[in-house]
Amino acid sequence: MYTFPSYNNELLYLMLYPKMSSIDQRLWKRIKRVSENLRREDAVLVVSHHDADGITACAIIVNLLKEMGKDVEFKILRQLDSVTIDSINSTDRTIVFTDMGSGQLSLLRERGLKNFYIIDHHPPEMDYKNQVNPHQYGYDGGIEISGAGVAYLVAKSLGNESMAHLAIIGAVGDMQDSDGKLHSLNRIILNDGVRNKLIKVKNDLRLFGRQSRPIQYMLAYSSDPFLPGLTGNPNACIEFIKNLGISPKREDNSWKSYVDLTFDERKKLATALYIHLLDCNVPEFIIQGMIGEVYTLLNEEKRTELRDAKEFSTLLNACGRQNKSEIGVHICLGDRGKYLKKARSVLQKHRLMLREGIEFLTEKGVEELSNLYFFDSDGKIDENIIGVIAGMAYGAQIVSPNKPVIAFAIDKENPEFLKVSARANWSLVRRGIHLGNAMRSCSRDVGGEGGGHDIAAGARIPRESKNEFLNIVNETFKKQLGD
Ligand SMILES: [Mn+2]
């Protein structure tokens, strides 16, 4: 039977993960210096990325500055490129970039931006005086800290630890817990959250809806991982649960949530899912990601999406992908009521689009070169979710995990361009794949721009250079895997 590992012994943890015990002093000094400069600003525009990490990072800085009595506005962008930079350049406010900016420093200079700060965890192009980026101190921003985490450290250095839970939601949103737990700087932040009674940590099954959905819908709606035979089929899920001797209903005949199950029932269900996925030949790294630490937000109402960090991040990601990021920022800042209602309907629409996207891709299939898979959305998948669909292709077994996936969609803002999304997995990253580097250099070669993380990245390229770009990327992956 699968047992959830227990990490109650904090001392053992410290021995296993020595880096978690304290922040590098040079990084902390840098944070304090930049924070001191930030403290002197009056009118600020926070500009952030449209995913869960960017939205939480934005909310942390907005909250910090508001509590310090500053005049703050915020703006969420899909990406930072020459067009979007020009759109914010007219502000007379000081710009604070969160979860973006480090990879676009030369572009920011080129476009004539002067008074700005960067609080980011993407690999930096160069040093800059008002930049906080842990990469410059030996940390890996892909796994050790999120953009929201860096924003939290800035807030912490100014005495505000109240938003630690948002930093954890950001890290989970950027999948930094995909091997089952958070590490390093994320761990330090997590400890702050636990100490301040914002968060509780436990090892358990990690599926969307563990708080907010009846169990059969938690399983039926699972797209990460995709559960063969169960995803999309609530009746099969009820059978699956009943066959384990677990009653799906409470005594009053209402449906149980996963959190209503006893510890033994949870173990039984986790074990059965684990075996079921193994039987279906789902790659083991995906199965393992299904079980691990869950982060409960103690100040949120029980049985709502906001009670669980992963559910919260899913809600925020949906807002971002559907161009409704502001709703997400308001929820992070504590607004509920109409904002939460809106976010829920956005999530519903988002899930429908994901399901249709996966169905489209299952039908159409992918093409391949020696070192990559690729597909074109044919206008059927929105550019905002095509990256998510590319990532889901592994779990849905449309592609095998041996090569990265490259997806193309038409750029809505400029149809002469294609939006490129690239997704890999940890085993490819361990073998040398770095999608962010590949997207940056290969897109430049064809007159585009791009960048991102090792495991997930994107680019914009001229439409007519698609085939040339694919060949260059294929060669770059070959080199990355060969080194
Ligand atoms: Mn991020």
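No value in this document is a laboratory result; all are computed from the given coordinates. This structure is a prediction, so every number in the text was calculated from the model and none was measured. When we count neighbours, we look across all protein chains shown, and the Cβ atoms used for this are built from the backbone with ideal geometry, even at glycine.
Observations, loosely collected:
- Karplus-based coupling profile of the range 190-206, in residue order and whole Hz: 4, 4, 4, x, 5, 4, 8, 6, 8, 9, 10, 10, 8, 8, 6, 6, 10, with θ = phi - 60° in 6.51 cos²θ - 1.76 cosθ + 1.60 and x standing for Gly or Pro.
- Percent breakdown of C-alpha pair distances by 10 Å bin, ordered from the shortest bin, for the range 19-195: 11, 44, 36, 9, 0
- Under 5 Å between amide hydrogens, built in the peptide plane, is the criterion, and for GLU383 it picks out nothing among residues at least 5 positions away or on other chains.
- Computed from phi, the 3J(HN,Hα) profile of the range 381-386 under the Karplus parametrisation 6.51, -1.76, 1.60 (θ = phi - 60°) reads 10, 4, 4, 6, 10, 5 Hz, with x in place of Gly and Pro.
- Global geometry of the range 46-95, whether rounded, prolate or oblate, following the gyration tensor of its Cα atoms and the 1.5 cut on a/c: oblate
- Charged side chains reduced to their Cβ positions (Lys and Arg at +1, Asp and Glu at -1) give the range 237-313 a dipole of some 160 debye around its Cα centre.
- Farthest towards the positive end of the charge dipole of the range 19-195, among the residues LEU80, SER146, SER22, is the Cα of SER22, using unit charges on the Cβ of Lys, Arg, Asp and Glu.
- Fewest-first sequence of HIS135, HIS49 by Cβ atoms within 10 Å of each Cβ: HIS135, HIS49
- Net dipole in debye of the range 438-483 [+1 Lys, Arg Cβ; -1 Asp, Glu Cβ; about Cα centre; nearest 20]: 100
- Each of ASP177, ASP92 was scored by other Cβ atoms within 10 Å of its Cβ. Arranged with the fewest first, they read ASP92, ASP177.
- Cβ-based net charge around ARG321, under 12 Å, with every Lys or Arg adding one and every Asp or Glu removing one: +1
- The simple spin-label model puts a point 7 Å past each Cα toward its Cβ; for ARG40 and ASP445 those points are separated by 4.5 nm.
- In this rough spin-label picture, where each label sits 7 Å from Cα along the Cβ direction, the GLU416-LYS479 distance is 2.8 nm.
- Looking at the range 80-123, the trypsin sites (Lys or Arg not before Pro) that sit in a DSSP loop and have at most 10 other Cβ atoms within 10 Å of their own Cβ are LYS114.
- Cβ-to-Cβ counts within 10 Å put VAL201, VAL446 in ascending order as VAL446, VAL201, the fewest first.
- Given charges at beta-carbon only (K, R positive; D, E negative), |dipole| of the chain in Debye: 1120
- Each 20 Å bin from zero holds the following percent of Cα-Cα pairs in the chain: 24, 59, 17, 0.
- The overall shape of the range 147-275 is prolate: from the C-alpha gyration tensor, with semi-axes ordered a ≥ b ≥ c, the ratio a/c is 1.5 or greater and a/b exceeds b/c.
- The range 205-355 - convex hull of the alpha-carbon atoms, volume per residue in Å³: 120
- 5 angstrom amide H check on GLU449, placed H, neighbours 5+ away: ARG460
- Cα gyration tensor shape for the range 365-482, rounded if a/c is under 1.5, else prolate or oblate: oblate
- Counting only lysines at least 8 places from LYS310 when in the same chain, those with an alpha carbon closer than 17 Å to its own are LYS181, LYS200, LYS202, LYS302.
- Where only alpha carbons of the range 197-253 are counted, the Rg and the Dmax (Å): 12.8, 39
- Between ARG336 and ASN402, the contour length at 0.36 nm per residue exceeds the Cα-Cα span by 19.4 nm.
- Annotation for the range 239-274: trypsin sites (Lys or Arg not before Pro) lying in DSSP loop with at most 12 further Cβ atoms inside 10 Å of their Cβ are ARG250.
- Couplings 3J(HN,Hα) of the range 127-143, computed from phi: 7, 7, 4, 9, 10, 10, 8, x, 4, 6, 10, x, 8, 9, x, x, 9 Hz, in residue order, whole Hz [Karplus 6.51 cos²θ - 1.76 cosθ + 1.60, θ = phi - 60°; x for Gly and Pro].
- Residues whose placed amide H lies under 5 Å from that of VAL47, excluding near-sequence neighbours: LYS75, VAL96, PHE97, THR98
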